[in-house]
Amino acid sequence: MSKPKDGSGESYHQEYIASLRYRNDLPPPEMPPKFLEIPHEGLERFLTPGFASNMARREEPNIDVDAEGGMPIDLVGIPGLHLGDESAIMAPENPPPVDPADLPLLMTLDQLRNPAPKNSNVSFLRRTQYIAAGVAARGVDGNVKAAPLIALTAVKAAPAAAKPAKLSRDDPLHVKKYIQKGFDIAYPESKHKGEDTPSKIKGLPATKAEIDAWAHPTHPDNPKLKPVGFYPIIPDLGGFPDPGGFLQFKFDKPPIQAAQGRRDERMDVGILVPSAPEERVCQEHASKTALHKANPSLYPDPGPIPWDYDLFLSAKEGAAPQIKDSLNVSNPHRDDAENYTHEATGPDDTILKYHRYDRIRTYATSSQTLNPEQKYKDVALVLFDPDEAISETTLKSTPIPHRLKQKAAYYYPILGKTRLKPERARTIAQAGLAPTRPKAKEDQVHQIQVVVRDPDEAEEYKRASHRAQVDSRFAKTLPPPAEEEGDGEIASERDMDEGSKEQALAETPVGRRGLEAVGGDGVGMDRERRRGNVDDEDDEMADP
């Protein structure tokens, strides 16, 4: 109801009166609540050692637990572990690829919080040009207007020249042009300025900053450093062996201790003779190969058989310079008898000159990596400057000209890398085990007699074929190889110029001579060794 307050007609005092329709008053409890004291010991009871022991005695596990608790702590059954081979307990060198379905499980927290868009190259304004064209066709009031007609005249504009399509950065032609740009900057006199041909290609245009960077090179980290020399990187066209590359060997420990702080020069002309490994190693390799063929995704490729290598060094300590004179292709007196260190009487009372090599020890393959298909994946680099090269002389004080003439950084392909460790028999003996196959005396070569010779025509052609792979101009002058018709028959002659063949083979240096190896029981073995310039050859590089 409303009524005026204090008799005034301007303001009213209003009151609202309502009755309670629902009410739920709880009755008082019949008795007061009773609190019971329940004994408890808190977390201290669960942290006592006896709680876990009592639980283990009361509760029986519902899973089958082996004696090792699910962890291979018994190392006796792991093959090769006590012999120094820890590959069985190490992670594989080539882990299997992750399944695409498991890739979301490897995402980090940042990737989960801010997931990248599926296609970031698509703009959110997809039809901007079409919308603009549609708006332009409408008037201010929104009504569609007809487009004005333009009358064609008799004179037609010349069609615009078609612009060449821009190549992507991953296009092979763009990559070739990018590489050619570096050669054009370094050798501007040989820059190709015409159109692209199958044999010549025009490089990308170089910027002024790139030209200045070549003219004034600056170290990226230390601008105060200045270059002291420039060497073009080129292949050694005359340094290819018969296989087309070299092998790199590394020893876990030095084979020969340094005498008076100087390295033994006999390692420069040492010989590594491969031999078959033990039967146990062959069986393990065969089993790994079978597993790889059965399931390549789970088992990695074990690679070739890990061969053993017998190291032979010259029996005479100071004979390294004489052996180098015999192997140097630039030495005009390389066939002199004074270069050999030993002599023997032949069956016809003739004096035979040779280099004597004695066996030092046997090494086993610890690890190896072969790249026969990608032989330029690893290369060895040699810096040569004819002005700074030390002049060499023969034993007769005759100067030896250098085989290399140009100042450059010459690279040599490495077909494989092998790391050698001491023989397995010694490792097995240290572990208290007997070798699987003791080596018989008649199978062991203790001495090698080396006689160096010039290569024959077949060996020269084999080396020339490797040069033709990197020298296109030389490949045009190289004749095709001769084909043999049958066993014991004369090879069929092709229609080719004999003069061009002799000229092509004359450009390849001679580099191989035969070796004669005599074992402890007098059994002869045929070996070969490369004849080359070994003055700067590292003991880790070997001709296969």
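Quick notes on this structure:
- Exceeding the 21 Å Cα-Cα cut-off - candidates Lys181/Lys224; Lys250/Lys375; Lys375/Lys407; Lys176/Lys202; Lys166/Lys202; Lys200/Lys476: Lys181/Lys224; Lys375/Lys407
- For segment 227-254, backbone nitrogen atoms closer than 20 Å to the point 7 Å from His402 Cα along Cα-to-C-beta are found at 228-240.
- Note on Trp307, Trp214: ascending count of other Cβ atoms within 10 Å places them as Trp214, Trp307, the fewest first.
- By other beta-carbon atoms within 10 Å, ranking Val379, Val450, Val175, Val281 with the fewest at the front produces Val175, Val379, Val281, Val450.
- Highest mean first, the peptides 351-361, 90-100, 23-33, 241-251 sorted by other C-beta atoms within 10 Å per residue fall in the order 241-251, 351-361, 90-100, 23-33.
- Length gained on full extension, Tyr12 to Ser330, computed as 0.36 nm times the residue gap minus the Cα-Cα distance: 101.5 nm.
- Three-way shape label, segment 223-288, alpha-carbon gyration tensor, a/c 1.5: prolate
- Extent along the principal axes, Cα only, for segment 172-228: 43, 24, 19 Å, with the longest axis given first.
- With a cut-off of 17 Å on the backbone N, no residue of segment 180-200 is near the modelled label site 7 Å out from His216 along Cα-Cβ.
- Taking 7 Å steps out from each Cα toward its Cβ at Lys293 and Leu173 produces label points 4.6 nm apart.
- Computed FRET value (nearest 0.05) for Lys200 with Val98, which takes r as the C-beta separation and R₀ as 45 Å: 0.50
- Here the residues Thr418, Thr398, ranked from fewest to most Cβ neighbours within 10 Å of their Cβ, fall in the order Thr398, Thr418.
- Dipole moment magnitude, nearest 20 debye, segment 172-228 about Cα centre, only Lys, Arg, Asp, Glu C-beta charged: 40 debye
- For Lys353 and Gln257, a Förster radius of 41 Å and the Cβ-Cβ distance give a FRET efficiency of 0.85, rounded to the nearest 0.05.
Any read-out appearing in this document is the output of simple, stated calculations on the displayed coordinates, not a laboratory observation. This one's a predicted model, so the numbers in the text were calculated from it and none came from an experiment. Methodologically, a virtual Cβ is constructed for each residue, glycine included, from the backbone with ideal geometry; neighbour enumeration extends over all protein chains shown.
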